[in-house]
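Colleague: Have a look at this one before I ask anything.
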Amino acid sequence: MSSPSSKPMPPPERGGVIAVACDHAGFGLKKEIVELLCELKVEVLDLGCANAQQSVHYPLFGKMVVDAMLARPGSRGILICGTGLGMSIMANRFPGIRAALCHDLYAALMCRRHNDANLLVMGGRVIGPDLGKEIVRTWLGTPFEGGRHQERLDLLEQLAQEKPRAGATP
Ligand code: RB5
């Protein structure tokens, strides 16, 4: 697998920002990631939380990133909690959000190529800062392939609008 980490970083799509948030368990990794994004001269919106000491509720911080992304089309998001699981579950409830939990570079690459993941989620208790930063570089630098993958994303949005079919047999 070739790593795109040496290539210059493209900004988020036109008019967009990268909105970032975490809970207390993700605070350390979020700090490193925000520093990286600033180094890369990407427009960052840091929505908290403010420290690792005070326990906070991850859904509230996740929702702030979702709201920021939906308010500014072309934006992307990064969410970090302890495992990344709570933030993933939270973010994927909202139409237009495609959140991918990534703890390796292959997932970071493929979630862009095939899933056009516009929100990266990581677990601050699962990976260290160096791997986290490489995951962010890969996720930022990898384009969506479109084509049949776009058809599948369209299907996801369409199916999410449908009512559950009561009594349907598997
Ligand atoms: C907080 O202790 C932890 O539950 C949270 O960061 C996250 O891992 C939830 O999914």
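The values are calculated or read from the model by the stated rules, or taken from the named source; none is laboratory data. Source: prediction; values computed, not measured. Don't worry about glycine lacking a Cβ; one is built from the backbone with ideal geometry, like all the others, and counts go over all protein chains shown.
Colleague: Can you tell me which condition Phe94 does not meet? The list is (1) more than 16 Å from the ligand (Cβ to nearest atom); (2) aromatic (Phe, Trp, Tyr); (3) assigned to a helix (DSSP H, G or I), and all the others hold.
Modeller: (3)
Colleague: Right, here's the next one. Kindly establish whether Lys31 is without any contact (Cβ under 8 Å) to a residue 60 or more places away in the chain, closer than 30 Å to Glu151 by Cβ and within 16 Å of the ligand (Cβ to nearest atom).
Modeller: No: the conditions fail for Lys31.
Colleague: Taking Ile18 and the conditions (1) among the hydrophobic types (A, V, I, L, M, F, W, C); (2) in contact with a Pro (Cβ under 7 Å, 6 or more places away or on another chain); (3) closer than 15 Å to Gly123 by Cβ, which numbered condition does it fall short on, given that it satisfies the others?
Modeller: Against the list (1) among the hydrophobic types (A, V, I, L, M, F, W, C); (2) in contact with a Pro (Cβ under 7 Å, 6 or more places away or on another chain); (3) closer than 15 Å to Gly123 by Cβ, Ile18 comes up short only on (3).
Colleague: Among the candidates Asp104, Asp130, Asp67, Asp116, single out the residue that is acidic (Asp, Glu), on the phi > 0 side of the Ramachandran plot and out of contact with any Cys (no Cβ under 7 Å at 6 or more places or on another chain).
Modeller: Asp116
Colleague: With the requirement that a residue be within 16 Å of the ligand (Cβ to nearest atom) and part of a helix (DSSP H, G or I), what does the stretch 109-144 give you?
Modeller: Answer for the stretch 109-144, where residues must be within 16 Å of the ligand (Cβ to nearest atom) and part of a helix (DSSP H, G or I): just Gly132.
Colleague: Six or more apart or on different chains, Cβ under 6 Å: which pairs go from a residue in the stretch 78-89 that's free of Cβ contacts under 8 Å to residues at least 60 places away in the same chain and near the ligand (Cβ under 7 Å from one of its atoms) to one that's part of a loop (DSSP other than H, G, I, E, B) and of a type in the set (D, E, K, R)? Could you list them?
Modeller: Cys81/Asp23; Gly82/Arg125
Colleague: Next question. If the Cβ limit is 6 Å and pairs must be 6+ apart or interchain, which residue in the stretch 38-56 that is at pLDDT 95 or above pairs with which residue that is assigned to a loop (DSSP other than H, G, I, E, B) and of a type in the set (A, V, I, L, M)?
Modeller: Pairs that qualify, where the first residue is at pLDDT 95 or above and the partner is assigned to a loop (DSSP other than H, G, I, E, B) and of a type in the set (A, V, I, L, M), are Leu45/Val17; Cys49/Val56.
Colleague: Right, another one. Looking only at residues that are closer than 23 Å to Val56 by Cα and of a type outside the set (A, V, I, L, M, F, W, C) in the stretch 87-102, which one is surrounded by the most Cβ atoms within 10 Å (Cβ to Cβ)?
Modeller: Ser88
Colleague: Out of everything in the stretch 36-65 that is more than 16 Å from the ligand (Cβ to nearest atom) and in a helix (DSSP H, G or I), what residue ends up being farthest from Ala25 (Cα to Cα)?
Modeller: In this case the residue turns out to be Glu39.
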